[in-house]
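Here the structure is laid out as structure tokens; the discussion comes afterwards.
The values are calculated or read from the model by the stated rules, or taken from the named source; none is laboratory data. This structure is a prediction, so every number in the text was calculated from the model and none was measured. Please note: Cβ atoms are built from the backbone with ideal geometry, for glycine as well, and neighbour counts cover all protein chains shown.
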């Protein structure tokens, strides 16, 4: 943090001009080209936010529905709710636990532990109809790789760059979806105020801000689902650094363990 | 939205220098003074985000615990979990439904329909120890008043200014809290993509982005719980305008109705 503890001004810039991403595409090269196309260059302290979709595509996490043989459960559920049984089958395969399956809505816990609709399987913004895209296999690892390569290419110290992988999740109790972090590298996912005191002397105990989720949501403000703006640059946010030598917890640290989860 | 549908660059500025807010304080005057102190002035298209705490204080939503007589339920629960029974009593009075009451955690539905810890009753950042602050009685009405007065004072058209009231909420399944909108004026809470098609022709059906929550979270990035930065200015976000002549739905539109809520 800055000396004042205040991030006075934060800037968020959407990076446009990305092509359709094919398996094996170098997101680092494409990111640097997009930055350069907007007369930008990475600086120490930057946070780069990627939609999970382009990372998944670059990593080949694409399934052609023509190749999927649906199970009996997938066929029954799909028939009741006017869905494609092959797509439902992919969802079931990506899930490690079904959280709710009711009124046409399938909320699942993914292999990573995230809880979201359809286990993150998505048919929008694919290369062609009849394909679905899965979540990246290990979004924290994807973020770490991108961070390493971006920092090296831009010639900035690794500790001064953070990368976030975002996806669009619904949530209980509130309408609408927001972008949250499903992968992170180089940044403490949660900024804790535990033990700090307010100006009156009251000790904050429960306050832990999920900074990476707020950054992912902020990035969505400059992205657009229909216009290929899959990356955002956030500048001027003095992000919570990892302790020196500490392992990188990533967005996996955001997964609430079953014992403290009241809404399984 | 801009012609391209893309918000290329968004800026978020924290407004500092606010005094302790007393009941009856003019937040409009204080906001204009804070802006001026940072050589800023409101412009068409700005979004101003307030923490609910300063609005509640200005509206006198403060309870001195010395005046509270706890009920038997409050006394029992407080004794079991090392809490102040008078504060628990205030929480129970602010709730219209208890969602979970377990392992020392009290998650309640507020009179507004929001689901959060302790019905939004908070003992941090009060004027003095022994006080708690409630949520504003009608945060959408507070937002509408602030928007009207700010637009008039700054001489900009009402449709070109939005105001959001934010609070810090936890959520199921994910560790940490984020700032969300509990009040809004002049902005569509949800940006719907329903019926629009991606570059491949796939029709987006379920995508509705809760823009006001992402704006509230983005504002938190420049706020700080211990340094009196209770207001943020967001500039360059082409916010989803209300349809001409339509009523202002406010953040109340984010409250999911019971019939579509799987996690009551």
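Restricting to the stretch A:151-192, what's the tally of residues that are under 17 Å from residue A:250 (Cα atoms), outside any loop (DSSP other than H, G, I, E, B) and in contact with a strand residue (DSSP E or B) (Cβ under 8 Å, 6 or more places away or on another chain)?
15
Exactly one condition in (1) facing another protein chain (nearest Cβ under 8 Å); (2) buried (at least 22 other Cβ atoms within 10 Å of the Cβ); (3) touching a helix residue (DSSP H, G or I) at 6+ places or on another chain (Cβ under 9 Å); (4) within 30 Å of residue A:196 (Cβ to Cβ) is not met by residue B:209; state its number.
Going through the list (1) facing another protein chain (nearest Cβ under 8 Å); (2) buried (at least 22 other Cβ atoms within 10 Å of the Cβ); (3) touching a helix residue (DSSP H, G or I) at 6+ places or on another chain (Cβ under 9 Å); (4) within 30 Å of residue A:196 (Cβ to Cβ), residue B:209 breaks only (4).
For the stretch B:81-100, what are the residues that are out of contact with any helix residue (DSSP H, G or I) (no Cβ under 7 Å at 6 or more places or on another chain) and more than 16 Å from residue A:206 (Cα to Cα)?
Passing the criteria: B:90, B:93, B:96, B:97, B:98, B:99, B:100.
Could you please let me know if residue B:174 is free of Cβ contacts under 8 Å to residues at least 12 places away in the same chain and either surrounded by fewer than 24 Cβ atoms within 10 Å (Cβ to Cβ) or more than 7 Å from chain A (Cβ to nearest Cβ) (or both)? Quick ask: steps written out before the conclusion?
Numbers: free of Cβ contacts under 8 Å to residues at least 12 places away in the same chain: yes; either surrounded by fewer than 24 Cβ atoms within 10 Å (Cβ to Cβ) or more than 7 Å from chain A (Cβ to nearest Cβ) (or both): no.
Judged against the criteria, residue B:174 is not a match.
Does residue A:218 qualify as being facing chain B (nearest Cβ under 8 Å), assigned to a helix (DSSP H, G or I) and touching a residue at least 40 places away in the same chain (Cβ under 8 Å)? Reasoning before the result, please.
Values: facing chain B (nearest Cβ under 8 Å): yes; assigned to a helix (DSSP H, G or I): yes; touching a residue at least 40 places away in the same chain (Cβ under 8 Å): yes.
Taking the combined requirement at face value, the residue satisfies it.
Evaluate the following for residue A:242: is it buried (at least 21 other Cβ atoms within 10 Å of the Cβ) and modelled with pLDDT of 85 or more?
no
Could you tell me which of the residues B:161, B:150, B:129, B:204 is farther than 26 Å from residue A:198 by Cα and over 18 Å from the mean Cα position of the chain (by Cα)?
Numbers: B:161 fails: over 18 Å from the mean Cα position of the chain (by Cα); B:150 fails: over 18 Å from the mean Cα position of the chain (by Cα); B:129 fails: farther than 26 Å from residue A:198 by Cα.
Sole residue among the options that is farther than 26 Å from residue A:198 by Cα and over 18 Å from the mean Cα position of the chain (by Cα): B:204.
Report, by residue number, each residue of the stretch A:114-130 that is modelled with pLDDT of 95 or more and either more than 18 Å from residue A:179 (Cβ to Cβ) or more than 10 Å from chain B (Cβ to nearest Cβ) (or both).
A:119, A:120, A:121 - these are the residues of the stretch A:114-130 that are modelled with pLDDT of 95 or more and either more than 18 Å from residue A:179 (Cβ to Cβ) or more than 10 Å from chain B (Cβ to nearest Cβ) (or both).
Among the residues of the stretch B:1-36, write down those that are surrounded by fewer than 15 Cβ atoms within 10 Å (Cβ to Cβ), touching a strand residue (DSSP E or B) at 6+ places or on another chain (Cβ under 8 Å) and either in the same structural domain as residue B:144 (by TED's automatic domain parsing) or at pLDDT 95 or above (or both).
B:23
Among the numbered conditions (1) surrounded by 16 or more Cβ atoms within 10 Å (Cβ to Cβ); (2) in the same structural domain as residue A:232 (by TED's automatic domain parsing), tell me where residue A:117 comes up short.
(2)
Is it fair to say residue A:236 is surrounded by fewer than 24 Cβ atoms within 10 Å (Cβ to Cβ), over 20 Å from the mean Cα position of the chain (by Cα) and within 18 Å of residue A:15 (Cβ to Cβ)?
yes
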